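First the structure, in the form of structure tokens, and then the observations on it.
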Amino acid sequence: MRDGGRITRAGRDGAMSTHEPGRSCPLHYRYRPADLAVSASERCEVLYVAGGLYGNVQALQRLIELFERERGDKRLVFNGDFHWFDIDADAFAQIQRGVLAFEATRGNVETELAAADASDGADADCGCAYPDWVDEGVVERSNRILARLRRAALATPGACDALRALPMWRRIDVAGCRVAIVHGDAQSLSGWGFAQEALRDAGARDTAARWFEQAQVDVFASSHTCLPVFAALGDGLLLNNGAAGMPNFSGAREGLVTRIATHPFNGPQRRFGVQRYGLHVDAVAIDYDHPAWQRSFLAQWPAGSDAHLSYAARIADGPDYRPADALRLNPSPPEM
């Protein structure tokens, strides 16, 4: 049943629990850090992790170009939310086909789309699990964006089945460095424990540092929270690439991908990084055709539409965020 913006559901004991679309974390999104303490399924010399492509076809094309220039044993993993703005059926199919030619995990967007063929379309939930600091208007618009995106998923044969088959996380080793690839954080596909905002709190950093120990990994590569942060947490290193398909810094018009490799990146696209575990760990710019992307975005989401209201300013000029805000190798960044 519905109570204002909330949906109340009966639990097994008959008690009513509150589910607020876009704010809550479904139980099937959750896992334990210890679940990630397994042997790697893959090993490589170069690993690209790209989260938050958000249906940007131009960014997908440019990312593949950058990846194909790499030498050695390499892997490209899309760690969720590769769909979002691509409500056009052709754009959706192009993103689906391009991403699934490589390795991928589900984000909250793909998880919700995976159930589209079993849904009546009511009570759309983007699955973002937005924290309190996110404005309610953003939450409501995200739920409506997801509802629009369902139509494109249903118009693409086999899309829901393919998304449903994707895992929530991956374990890959890069030359002995143990990497856990997640969408959100170490506890949930839509968790915000690796958000740059959360990691300004000392308690949140301590909790995140324990996740590395419980998961028995050196690196978490994540996305979901839409702003990048590379942070030292105990003996571990968090690498959140922010968004592969949107600008990440003020005045910038490029996405970011996380690169972990045995050798340096060769090109001007490196934005920041660190050498750790005998590896080169970098945020690499995806310098896609921005004018073409803006035209595509506006064709799908004209002025006044939900995605335009939430994202047009960032797509045009980037967020109020700088590379210096993202690189946090000091274990105790200033509180805000």
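The values are calculated or read from the model by the stated rules, or taken from the named source; none is laboratory data. Small disclaimer: the values here were computed from a predicted structure and weren't measured. So basically every Cβ, Gly included, is an ideal-geometry build from the backbone, and we count neighbours across all protein chains shown.
What number of residues within segment 42-63 are within 21 Å of the chain's Cα centre (by Cα) and surrounded by fewer than 17 Cβ atoms within 10 Å (Cβ to Cβ)?
Residues in segment 42-63 being within 21 Å of the chain's Cα centre (by Cα) and surrounded by fewer than 17 Cβ atoms within 10 Å (Cβ to Cβ): 2 in total.
Each row is one residue, and each column tells you yes or no for (1) over 26 Å from residue 127 (Cα atoms); (2) surrounded by 22 or more Cβ atoms within 10 Å (Cβ to Cβ).
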| position | (1), (2) |
| --- | --- |
| 190 | no, yes |
| 197 | no, no |
| 214 | no, no |
| 225 | no, yes |
| 228 | no, yes |
| 252 | yes, no |
| 266 | yes, no |
| 276 | yes, no |
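Report, by residue number, each residue of segment 73-109 that is assigned to a loop (DSSP other than H, G, I, E, B), within 23 Å of residue 172 (Cβ to Cβ), of a type in the set (A, V, I, L, M) and touching a residue at least 12 places away in the same chain (Cβ under 8 Å).
Just the residues of segment 73-109 that are assigned to a loop (DSSP other than H, G, I, E, B), to begin with: 73, 80-88, 100-102, 106-107.
With within 23 Å of residue 172 (Cβ to Cβ) added as a condition, the list becomes 73, 80-83, 100-102, 106-107.
With the extra rule that they be of a type in the set (A, V, I, L, M), the set shrinks to 100-101.
Scanning segment 73-109 gives a single hit, 100.
Only residues that are of a type outside the set (Asp, Glu) and in a loop (DSSP other than H, G, I, E, B): list them for segment 218-240, please.
Passing the criteria: 223, 224, 225, 226, 227, 228, 234.
Table: residues versus (1) farther than 24 Å from residue 72 by Cα; (2) polar (S, T, N, Q); (3) modelled with pLDDT of 95 or more.
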residue: 249; (1), (2), (3): yes, no, yes
residue: 259; (1), (2), (3): no, no, yes
residue: 282; (1), (2), (3): no, no, yes
residue: 300; (1), (2), (3): yes, yes, yes
residue: 307; (1), (2), (3): yes, no, yes
residue: 321; (1), (2), (3): yes, no, yes
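In segment 241-282, how many residues are in contact with a helix residue (DSSP H, G or I) (Cβ under 7 Å, 6 or more places away or on another chain), in a strand (DSSP E or B) and within 15 Å of residue 229 (Cβ to Cβ)?
Matching residues across segment 241-282 total 3.
So for segment 285-298 (the condition being without any contact (Cβ under 8 Å) to a residue 12 or more places away in the chain, surrounded by fewer than 19 Cβ atoms within 10 Å (Cβ to Cβ) and part of a strand (DSSP E or B)), does at least one residue qualify?
no
Could you identify the single residue in 90, 81, 35, 73 that is surrounded by 22 or more Cβ atoms within 10 Å (Cβ to Cβ), modelled with pLDDT of 95 or more and either closer than 30 Å to residue 254 by Cα or more than 16 Å from the chain's Cα centre (by Cα) (or both)?
81
Return the pair list, or none, for Cβ contacts closer than 6 Å from residues in segment 147-176 that are over 25 Å from residue 282 (Cα atoms) to residues that are among the basic types (Lys, Arg), at least 6 apart or on different chains.
Short answer, once both residue conditions are applied: 166/106.
Output yes when any residue across segment 58-67 is more than 15 Å from residue 191 (Cα to Cα), at pLDDT below 95 and of a type in the set (S, T, N, Q), and no when none is. Can you show your working first?
Filtering segment 58-67 for residues more than 15 Å from residue 191 (Cα to Cα) gives 58-67.
This time we only want the ones that are at pLDDT below 95, so: none.
So far as segment 58-67 goes, no, none of its residues is more than 15 Å from residue 191 (Cα to Cα), at pLDDT below 95 and of a type in the set (S, T, N, Q).
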